[in-house]
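Written out below as C-alpha cells is the structure these notes cover.
The values are calculated or read from the model by the stated rules, or taken from the named source; none is laboratory data. Bear in mind that the values here come from a model prediction, so they are computed numbers and not experimental data. Methodologically, a virtual Cβ is constructed for each residue, glycine included, from the backbone with ideal geometry; neighbour enumeration extends over all protein chains shown.
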Amino acid sequence: MPDSAINRFENPLIVQSDRTLLLDVHAPRAADCRNALIPFAELEAFGRVMTGFAPWFELPDDDTPEGRLRAAWRPRLLKAIRNAVDPSSPDFLVFAAPDPARGRQPLVDAAFFAQGLLRARTGVWEKLDPTTQRMVVDALVSSRVTKPGNNNWLLFAGEIEAFLLEVTGQCDMDRLRQGVDKFAHDWYVGEGYYSDGPHLAFDGYNSFVIHPMFYEIAAVMAKHGFKDGADYLALEKTLPDATLVSMSGIPETLRLIKDNPLIFTGLCARTAIRSGVPVYTAKKLESEWVGRIEAARSFSEAHRLRESMYNAFLRQVRQARESTGLSKAVRDCRSYIQANYMNEITLEDLARHCGYAEYYLSRKFAKETGMKISDYIHSVRIDAAKLLLVTTSREIQEISNLLHFGNRSHFDRVFRQHVGVSPAKFREQGGQIQMSKETT
C-alpha cells in the first residue's frame with residue numbers, strides 16, 4: 001500500500017500528536033441543522049476506516065516497505081482508539097445517541113468499529129493496553145440502548161455482540177442471534193442474495209454488510225460452541241447453492257425465489273423471438289415454463305427449473321439458426337419482423353435495417369424462403385394471434401387491431417388461410433387444451 005494512499009485515508013483521522021483524533025473532521029453542529037446524522041459523523045468516519053484497514057494491520061511489521069509503514073502507523077492507530085473510547089478525551093466519540101429512538105446511526109458505525117477489531121484481533125486488539133480494552137468494551141456495550149431496525153441493522157447489533165463474546169466471553173444472546181437467524185431462515189432469496197429485511201433490495205448491502213457480518217457472527221458463534229453457528233457458517237460457505245437453504249419453507253421467501261426465474265423466462269422468450277424462433281413457439285414455451293416454475297415447491301426445484309428452461313430456449317434458438325440455411329440479410333429481415341410484429345412494418349423499414357434495396361431484398365427473401373415478405377409478416381402475426389386467442393380474453397377485433405390486420409373480415413380471411421378455421425372457432429375448440437397438447 002503506497003504511503004500516499006494511507007495518508008489520504010487515515011491522516012484526516014489519525015495523527016501522531018497529543019490528540020490523535022483530529023477535530024478537522026467534525027461537521028458543524030448548528031442547532032437548526034437538518035442533518036440528524038451530523039453528531040455521529042466522526043464515529044462513522046473512524047469506524048469505516050478502521051474496518052477497511054484492519055486486515056492490513058493484521059500483517060506483520062517486517063522489513064518490507066509496507067511493513068515499515070505499518071510499524072509507523074500502528075501506534076498512532078492504538079492511540080486513536082484510546083482517545084475515541086476515553087470519556088475524558090475531547091475526541092471521545094458518540095456510541096449512543098442521547099435519544100436512541102431518534103438517533104440510531106451510532107449503532108451502524110460502532111458495528112464497523114467492532115468488525116475492524118475482530119478482523120485485527122492480533123494486530124490491534126491485543127496490542128491495546130487493558131484500560132483501553134475495558135473502555136472499548138464499555139463503549140460498545142453502551143450501544144445496546146439502540147434498537148436495530150428489522151433489516152440488515154440486526155447484523156450491526158449482532159456484530160457488536162460477536163466481538164464482545166469473542167473478547168469477554170459474554171454477550172446479549174438475543175442481539176447476537178436475531179440477525180443471523182432471520183437472514184438464514186427468512187431472508188435468503190437465492191442466487192447468493194439475501195433480502196434486506198422482508199423486502200428484496202438489489203444493492204451493495206449484500207456484499208458490504210450482510211455477507212461479511214453474517215459470516216463473522218456465525219464464525220464466532222461456531223468457535224464458542226453454538227451448533228447453529230456452525231450450521232450458518234457452513235451455509236454461508238456454500239452459497240449460492242440454494243438446495244442448502246430450504247430450511248426456511250416460508251411462502252414469501254419462496255415467492256421471491258420464483259420471481260427471478262419467472263422474469264428470466266420472459267427475457268429468454270423475447271431474445272428467442274429476436275433470434276428467429278417463431279413467436280408462437282417461443283410464447284408457448286414461455287407459458288409452459290412459467291407454469292412449471294410457479295408449481296415449484298422448493299428453492300432447489302425452482303433453481304433447477306430455471307436452468308432447464310434456459311437450455312430449452314437455447315435449443316430452440318440453435319435450431320432456428322442452424323436449420324434455415326438462409327443468408328444473413330434474410331435472417332436479419334426475419335428477426336426484425338419477429339421483434340416488431342406488433343408495430344407497423346414497411347418494406348422501406350426492412351430494407352433500411354438489412355442494408356439492401358427494397359426490390360433486391362424482396363426477391364432475395366422470396367427466393368430463399370419460398371414466400372413473400374408480406375406473407376411472412378402475416379404468418380408471424382397469426383402465430384401471435386393464436387397465442388392471444390388461447391391465453392387472453394381480448395376481443396377478436398382488438399387482437400386484429402393490435403396486430404395491424406385492420407378490419408375483422410381481413411383478419412378472419414388471413415387466419416383461415418394459415419390455420420384452417422376462423423379465430424372464433426380456434427378459440428372455441430382449442431383454448432388451453434390445444435396449447436397444452438402442442439407443448440408436450
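Among the candidates Gln338, Gln319, which residue alone is outside the structural domain of Val189 (by TED's automatic domain parsing) and surrounded by fewer than 18 Cβ atoms within 10 Å (Cβ to Cβ)? Give the steps one after another, and end with the answer.
Numbers: Gln338 fails: surrounded by fewer than 18 Cβ atoms within 10 Å (Cβ to Cβ).
From the options Gln338, Gln319, the qualifying one is Gln319.
Among the residues of region 355-363, is any among the small types (Gly, Ala, Ser), under 19 Å from Lys283 (Cβ atoms), surrounded by fewer than 19 Cβ atoms within 10 Å (Cβ to Cβ) and touching a helix residue (DSSP H, G or I) at 6+ places or on another chain (Cβ under 7 Å)? Break it down into steps so the answer makes sense when it comes.
Here is the first cut: in region 355-363, the ones among the small types (Gly, Ala, Ser) are 355, 357, 362.
Checking which are under 19 Å from Lys283 (Cβ atoms) leaves us with none.
No - not one qualifying residue is present in region 355-363.
Counting only residues that are of a type in the set (Val, Ile, Thr) and touching a Ser or Thr at 6+ places or on another chain (Cβ under 9 Å), give me the helices (runs of 4 or more DSSP H) lying completely in region 262-350 with at least 2 of them. Steps first, please.
Numbers: elements: 279-294, 299-322, 328-340.
Output list reads 279-294.
For Gln115, are the conditions met, namely being in a helix (DSSP H, G or I) and buried (at least 22 other Cβ atoms within 10 Å of the Cβ)?
Numbers: in a helix (DSSP H, G or I): yes; buried (at least 22 other Cβ atoms within 10 Å of the Cβ): yes.
Here the answer is yes, as Gln115 does meet what is asked.
Does region 371-416 hold any residues that are assigned to a helix (DSSP H, G or I), surrounded by fewer than 19 Cβ atoms within 10 Å (Cβ to Cβ) and of a type in the set (Lys, Arg), and which are they?
Arg408, Arg413, Arg416
Go over the candidates Gly149, Gly123 one by one and state the one that is touching a residue at least 40 places away in the same chain (Cβ under 8 Å), surrounded by fewer than 22 Cβ atoms within 10 Å (Cβ to Cβ), under 28 Å from Leu59 (Cα atoms) and small (Gly, Ala, Ser).
Gly123
Please work out which residue is farthest from Phe53 (Cα to Cα), limiting yourself to region 158-170 and to residues that are hydrophobic (A, V, I, L, M, F, W, C) and surrounded by fewer than 24 Cβ atoms within 10 Å (Cβ to Cβ). Spell out the reasoning first.
Going residue by residue through region 158-170, those that are hydrophobic (A, V, I, L, M, F, W, C) are 160, 162-165, 167.
Keeping just the survivors that are surrounded by fewer than 24 Cβ atoms within 10 Å (Cβ to Cβ) gives 164-165, 167.
Numbers: Leu164: 20, Leu165: 22, Val167: 20 Å.
Ranking the candidates gives Leu165 first.
Tell me the helices (runs of 4 or more DSSP H) entirely within region 164-238 that contain at least 2 residues that are at pLDDT 90 or above and on the phi < 0 side of the Ramachandran plot.
On the way: elements: 173-185, 211-223, 227-238.
By residue number, 173-185, 211-223.
Mind listing whichever residues of region 283-309 are closer than 10 Å to Lys258 by Cβ, among the aromatic types (Phe, Trp, Tyr) and modelled with pLDDT of 85 or more?
Scanning region 283-309 gives no hits.
Can you list residue pairs whose Cβ atoms sit under 6 Å apart, with the first residue in region 267-278 being assigned by TED's automatic domain parsing to the domain that holds Met309 and the second being among the charged types (D, E, K, R) and in a helix (DSSP H, G or I)? Count only pairs 6 or more apart in sequence or on different chains.
Ala269/Glu286; Gly276/Arg334; Pro278/Asp383
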